[in-house]
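J.: Before I ask anything, let me first share the structure, which is written out below as structure tokens.
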Amino acid sequence: MDAVETRYCSECGRPFPTDDLLEHQGRRICVECKPAFAQRLRQGESPVAAQMDYAGFWIRGGARLIDGIILGVADLAMGVLLRLAFGLGAKAGFAAAAVPLVFAVNIGLAVLYEAGFLVRNGATPGKMILGLRVVTPDGGAISWGRGIAR
């Protein structure tokens, strides 16, 4: 089954399949927003760039805090499971040597959490709760490379 590429209307911000959007000078417009957009064009407005509302520091910090709590619980559970799996509670010397393994697993979990949610949903759970979305400059979904780099 082919995956349908999703883009966002630059007027209302809702997601649509790419084929359902009209493209004009780098902006994508849904069918519902097309009449108002066309009227503004007739009146001489220049739609040079998509209008995106960027989230401020505090709301992004709040989203990061929510994601941090979720990841903290997951990291704690993963650490306990690794310690139980390798019998790390019994031997203190072996437990100290396994700290880098637990650290590496936690970092990997954080990268997969962030990138996976951003690529699949356009937002992590913290961003979703606060109504934020991460998109490319043209309103499209981000790639795995960009998701991992974030």
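J.: Within region 114-137, count every residue that is assigned to a helix (DSSP H, G or I), surrounded by fewer than 17 Cβ atoms within 10 Å (Cβ to Cβ) and in contact (Cβ under 8 Å) with a residue 60 or more places away in the chain.
T.: Selection size over region 114-137: 1.
J.: May I ask you to list the residues in region 50-94 that are at pLDDT below 70 and touching a Gly at 6+ places or on another chain (Cβ under 7 Å)?
T.: Listed by number, the list holds a single entry, A50.
The values are calculated or read from the model by the stated rules, or taken from the named source; none is laboratory data. No experiment lies behind these values; they were computed from the predicted model shown. Neighbour counts run over all protein chains shown; Cβ positions are idealised from the backbone, glycine included.
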